[in-house]
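*Asks:* To start, I am sharing the structure in question, which I have written as structure tokens.
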Amino acid sequence: MTQATAETAARAAGYLAELPDILGSDQRFIDILGRLTAMSERDYYDPYKLFQWPESIDEDGYWMSPELMTVHGTEAGAKLDDAQLRALSKWESVNFYSLNVHGIRELLTSIVARIHMPGYEVASEYFHHIIGEENDHMWFFAKFCLKYAGRLYPDRGMVFTAPGVPEADTFLLFARLLIFEELVDVFNQKMGDDERLDPTVRQINKVHHQDESRHIAFGRQIVALLHRDLRRRLDSEQLSDLEAYVKRYMRASVEKLCNPAAFRDAGLPEPYALRRAVVADPAFDDFVHRTLKRSLTFMTSENIFSNGRIPPL
């Protein structure tokens, strides 16, 4: 091990050793955890009994709110007729739920690795509820895709070079999870109340939103606490590197919603060229900032971001 590597490892170990003081010494965080735990116990449901799965979903109806489709407002989208848009809505919804399954898998892996570990004592009780609820979510999103589309889309996520700030690893983990949950919840809220959609589509989105509102409240608290601590430890260049990394992750998360496989399955020609045209369209940049608005506002208000703009990848 080189001296530089040893120093990096020592800094990371030192940060983790002090994590109990970051979480366990904040009474507001502890109080919020107590309220969230009580709410989870109060709102508990059995998903295997809650959902009644019809034999099919109307192929001629919208499976996703048109305003949430990645082609909305773009020049390429304007060239699609109504039948093509409805077909695409099915496969973009399948892509959306597939991304949920993959994102939840990452979340569960990360939470399970930390439950009842040093530094997470005060959060572990609520971690149990998150694990149970997210496992239920993964099941009903996968059930929907497999029953009505016969498949899940594979995870083809982009991998970014880490900022090289080991003290920030825990912050980056919870920041990524929070961004994922807030992005998903934008869709859940809209589709849960959209009368144009099938009742089953509305129900899975509405149920997910009810649980995610608690998870987002938890995520915002822990992300704010961890970054507040980092601002005492890191210099301005390191904090800027973290901001740039998180913004790249945010942009990539939205771009994953634009999947050429969904264009292909909807019967649209030249799916890869179509994706390139959609992502390059100014309307897609508006879509990025519209779907990330809540996250951007939160990150900026907590001094995690210096501004609320997301540059292209």
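*Asks:* As a test question: what accessible area, to the nearest 10 Å², does ASP82 have when a 1.4 Å probe is rolled over all protein chains in place?
*Replies:* The accessible area of ASP82 comes to roughly 80 Å².
*Asks:* Continuing with this model, one more query. I need the shape label for the stretch 125-230. Rule: rounded when a/c is under 1.5, else prolate if a/b > b/c, else oblate, with a, b, c from the alpha carbon gyration tensor.
*Replies:* Taking the square roots of the gyration eigenvalues as a ≥ b ≥ c, the stretch 125-230 is prolate.
*Asks:* With label points built 7 Å along Cα→Cβ from the Cα atoms of ASP58 and ARG156, find their separation and express it in nm.
*Replies:* Those two pseudo-labels are separated by 3.2 nm.
*Asks:* Would you mind calculating the gained length between LYS293 and GLU270 on full extension (0.36 nm times residue separation, minus the Cα-Cα distance), in nm to one decimal?
*Replies:* 5.2 nm
*Asks:* Aspartates and glutamates within cross-link reach of LYS247: Cα-Cα under 18 Å, excluding same-chain residues under 8 positions apart?
*Replies:* List returned: ASP169, GLU181, GLU182, GLU237, GLU255, ASP285, ASP286, GLU302.
*Asks:* While we're on this one: Would you mind checking the tilt of helix 271-280 against the longest principal axis of the Cα atoms of the chain, expressed as 0 to 90 degrees and rounded to 10?
*Replies:* Roughly 60 degrees, rounded to the nearest 10.
*Asks:* So, one more: Please provide three numbers in whole Å: the alpha-carbon extents of the stretch 208-313 along the principal axes, with the largest listed first.
*Replies:* Principal-axis extents of the Cα atoms in the stretch 208-313, largest first: 53, 36, 18 Å.
*Asks:* Next up: Highest mean first, how do 206-214, 59-67 rank when packing is the count of other Cβ atoms within 10 Å averaged over residues?
*Replies:* 206-214, 59-67
*Asks:* When averaged across all projection directions, what area in nm² does the alpha-carbon convex hull of the stretch 133-190 cover?
*Replies:* 5.6
*Asks:* Just how far, in whole angstrom, is the stretch 228-286 from the stretch 83-144 if you go by their alpha carbon centroids?
*Replies:* About 20 Å separates the Cα centre of the stretch 83-144 from the one of the stretch 228-286.
*Asks:* What translational D, rounded to a whole number of µm²/s, comes out for the stretch 57-196 from Stokes-Einstein when the hydrodynamic radius is the Kirkwood one over Cα pairs, at 37 °C and 0.692 mPa s?
*Replies:* The diffusion coefficient I find is 191 µm²/s.
*Asks:* Follow-up. Against the longest principal axis of the chain, how steep is helix 282-291, in degrees 0 to 90 to the nearest 10, with axes from Cα atoms?
*Replies:* So the helix axis and the longest Cα principal axis differ by about 60 degrees.
*Asks:* Follow-up question, since we're still on this one. So for the pair GLU302, LYS49, with labels modelled 7 Å out along Cα→Cβ, what separation do we get in nm?
*Replies:* With each label placed 7 Å out from Cα toward Cβ, I get 3.6 nm.
*Asks:* Something else: So how far apart, in nm, are the two label points at GLU67 and ALA244 if each is 7 Å from Cα heading toward Cβ?
*Replies:* Once both label points are built, they end up 3.6 nm from each other.
*Asks:* A further question follows. Quick one: the Cα spread of the chain along its three principal axes, in angstroms, biggest first?
*Replies:* Each principal axis gives a Cα extent; for the chain these are 59, 43, 36 Å.
*Asks:* With N residues in the stretch 70-153, what two-decimal value do you get for its Cα radius of gyration over 2.2 N^0.38 Å?
*Replies:* 1.52
The values are calculated or read from the model by the stated rules, or taken from the named source; none is laboratory data. Owing to the predicted nature of the structure, the values given are computational and were not obtained by experimental measurement. For neighbour counting, all protein chains shown are included, and Cβ atoms are generated from backbone atoms with ideal geometry for every residue, glycine included. With ligands, DNA and RNA removed, areas are computed over all heavy atoms of the protein, side chains included. Shrake-Rupley method; radii C 1.70, N 1.55, O 1.52, S 1.80 Å.
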